[in-house]
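Input: a single structure, listed below in structure tokens.
The values are calculated or read from the model by the stated rules, or taken from the named source; none is laboratory data. On a predicted model such as this, the values are computed, not experimentally measured, just so you know. Methodologically, a virtual Cβ is constructed for each residue, glycine included, from the backbone with ideal geometry; neighbour enumeration extends over all protein chains shown.
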Amino acid sequence: MLAGHKFTRVDEYYDLATNIWSVIFVDDPKHPASFADEVILNFYDWTPKPTAETVATVLSEERPGTRNVFLFKSPDESGGALVYHIVSVSQGRANFVNVMSIAGWEKSAVNVDFSHRLRAGSDLKGTEEEARQWLLSTEGEALRNAAAALRLGLGWGEYLRKVR
């Protein structure tokens, strides 16, 4: 459960080209192509092991069809290490607002990416405006805060070593 929403694990894969292991959860597993909300955990198996800052720098680069809305960093409540936050909008087959938190994890970095599907906007500016409205809504604030507060335990490291 995440802010009252139930997410179900629907996929996972290790991308040999990028050395990133992704685990995907959606709120509608019966219709994973049309979900409203998605959570993706991205684990970075780079050499040398990347810091959260390194991953945040890569993820903060805008690409065609994306626009950053907010970029900031804050100390992690538990240990004081910096957590990097990126809120962006993206257009493609569907439009999304993406809330990413990149933190240190097992001497590397992990990205917790929460995505909310938006209506089909006509342009990136319209999509950005809809994203801002959703982010400021009660639902948007609750899900954004819950996603930003997620921390991953050591069990994910053990699992990753087994599936690679």
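For region 79-134, a residue qualifies if it is farther than 18 Å from residue 62 by Cβ and among the hydrophobic types (A, V, I, L, M, F, W, C), and the qualifying residues are 81, 82, 83, 94, 103, 105, 109, 110, 112, 114, 120, 134.
One residue stands out in region 51-101 among those that are in a loop (DSSP other than H, G, I, E, B) and among the acidic types (Asp, Glu): the one that is modelled with the highest pLDDT, namely 61.
If you go through region 115-138 and keep only what is in contact with a strand residue (DSSP E or B) (Cβ under 9 Å, 6 or more places away or on another chain), part of a helix (DSSP H, G or I) and under 21 Å from residue 27 (Cα atoms), you end up with 130, 131, 134, 135. In region 139-164, the residue that is modelled with the lowest pLDDT out of those that are in contact with a strand residue (DSSP E or B) (Cβ under 8 Å, 6 or more places away or on another chain) and assigned to a loop (DSSP other than H, G, I, E, B) is 164. Here region 1-57 is the region considered, the condition is being touching a helix residue (DSSP H, G or I) at 6+ places or on another chain (Cβ under 6 Å) and without any contact (Cβ under 8 Å) to a residue 60 or more places away in the chain, and the residue that is surrounded by the most Cβ atoms within 10 Å (Cβ to Cβ) is 26.
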